[in-house]
Amino acid sequence: MRKKASVIAIGNEILMGEITDTNSTFISRKLFEKGILTVVRLQIPDKREDIEQALRFCMEKSNIIITTGGLGPTNDDITKKTIANFLGRDLVLVDDLKNWVEGFFQRRGIPMSDVNLSQAEIIEGSRYIMNPIGTAPAIIINVGKKKIAMFPGVPSELYVMFDKFLEGIEGSIPVTTLLRTTGIAESDIYNEVKKDAPQKIQKIIYYYPTWRGVDLRIVSYDIDLQKDAVNFLKHKFGNYIYSLEEKEIEEIVGIMLRNKGISISVAESCTGGLVADYITDVPGSSDYFIGGVVAYSNKSKINILGVRQNDIDRFGAVSEIVAREMAEGVKSLFNADIGVSTTGIAGPTGERPGKPLGLVYMAVSYKNETIVKKQIFLSPRKRVKVAAATFLLNMVREVIKG
């Protein structure tokens, strides 16, 4: 039987928004690496009845129940005592832990209150993992075929003990593949998958939308089914998929430019230098990136890039022909193999009849051809810029690929 886990984050401070629960994300990721799927994640207050209710629910859903928080020495730290009562067991003082807690304060020259000795107590029949940087150990107890593990809520203390907890715990590690897309909405991908993919493929595709695009993660214990899902998505959305691994579009494009010995230059208006920023985020980008221009005003488009005044007057700066002339102009200016451009309305102002907020024209000029594409991206302003820069780099990828 495949192992499943539940994670319970305990603490009033989490529910009041005073701190962010990063522990649950860390735990879920580490468990997944071991082939254990987290099926429940809860955030609950420091209240006995809520902890007991969460335990009952999670023990029905999973084999492994992990709690964080509530292991401190104060009155509101009730996790350990509540779980002991829930299981009908006593708390017992451990001499080694008592010595550790006392030494922890002595080494720092801090007086220790008697209340701190409660952190040397564990649940009867449990085992513990020593906390090398704090006073609250992790406590693990087997309940039949299930396992309950309690960790302190301080992230750094959880992190140093969690790998020790995972030793000897093995799950069924699934096969996973990440497909990164840009230029297509999550809903459009979902609708096409729902319409054409077999049910067994639909069930193993997970969608993660970002401003840069939509990541599709395929998770399956069946290698053949996983391959079928990858092939289906590649066939259906090939032009939008730019990577089958944990790489950003600028890394993929950079590899292609370097391998083919192709240089690139950029002319940006609405993206304000973001395309150049992405390109130069890649180490060694000087091998292929010649330079760029942020031609934000009409004057700079005309004087630097050679855009025709008549075309701006007739069609506007946000137009197909201006994007084309910007890409061709910057390619000539830097004597690059490829010239690219963006011009658009990032918002929140600037909307005009026929030119809505989020409208962006992007162009790629390579050899004797210039390709221009028009997209309308979702607000806010930063999202438009990120989406446009990513989409343009994918256009470069498609042009180089041929």
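Considering the stretch 355-399, and only residues there that are of a type in the set (A, V, I, L, M) and closer than 21 Å to residue 179 by Cβ, the residue that is farthest from the chain's Cα centre (by Cα) turns out to be 399.
Matching residues to (1) touching a strand residue (DSSP E or B) at 6+ places or on another chain (Cβ under 7 Å); (2) within 22 Å of residue 80 (Cβ to Cβ); (3) in a helix (DSSP H, G or I):
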residue	(1), (2), (3)
133	no, yes, no
136	no, yes, no
141	yes, yes, no
160	no, yes, yes
170	no, no, no
191	no, no, yes
194	no, no, yes
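Based on this model, can you work out whether residue 308 counts as surrounded by fewer than 19 Cβ atoms within 10 Å (Cβ to Cβ) and either touching a residue at least 12 places away in the same chain (Cβ under 8 Å) or in contact with a Phe, Trp or Tyr (Cβ under 6 Å, 6 or more places away or on another chain) (or both)? Taking the combined requirement at face value, the residue satisfies it. Can you say whether residue 374 is in the same structural domain as residue 266 (by TED's automatic domain parsing), touching a strand residue (DSSP E or B) at 6+ places or on another chain (Cβ under 6 Å), of a type in the set (D, E, K, R) and surrounded by fewer than 19 Cβ atoms within 10 Å (Cβ to Cβ), as far as the supplied structure shows? Considered against the rule, which asks whether it is in the same structural domain as residue 266 (by TED's automatic domain parsing), touching a strand residue (DSSP E or B) at 6+ places or on another chain (Cβ under 6 Å), of a type in the set (D, E, K, R) and surrounded by fewer than 19 Cβ atoms within 10 Å (Cβ to Cβ), residue 374 comes out as yes.
Every test in (1) outside any helix (DSSP H, G or I); (2) under 30 Å from residue 288 (Cα atoms); (3) under 22 Å from the mean Cα position of the chain (by Cα) is passed by residue 218 save one, and that test is (2). Restricting attention to the stretch 42-62, the residues that are surrounded by 19 or more Cβ atoms within 10 Å (Cβ to Cβ) and over 25 Å from residue 17 (Cβ atoms) total 1.
On inspection, residue 86 qualifies as over 32 Å from the mean Cα position of the chain (by Cα) and surrounded by fewer than 21 Cβ atoms within 10 Å (Cβ to Cβ). Just for the stretch 259-285: of the residues that are part of a loop (DSSP other than H, G, I, E, B) and in contact (Cβ under 8 Å) with a residue 60 or more places away in the chain, which one is nearest to residue 304 (Cα to Cα)? Here the residue is 269. Scanning the stretch 286-304 for residues that are closer than 23 Å to residue 387 by Cβ and either in a helix (DSSP H, G or I) or touching a Phe, Trp or Tyr at 6+ places or on another chain (Cβ under 7 Å) (or both) yields a single hit, 301.
The values are calculated or read from the model by the stated rules, or taken from the named source; none is laboratory data. From a predicted model like this one, the values you see are computed outputs, not experimental measurements. Virtual Cβ from ideal backbone geometry, glycine too; neighbours counted across all protein chains shown.
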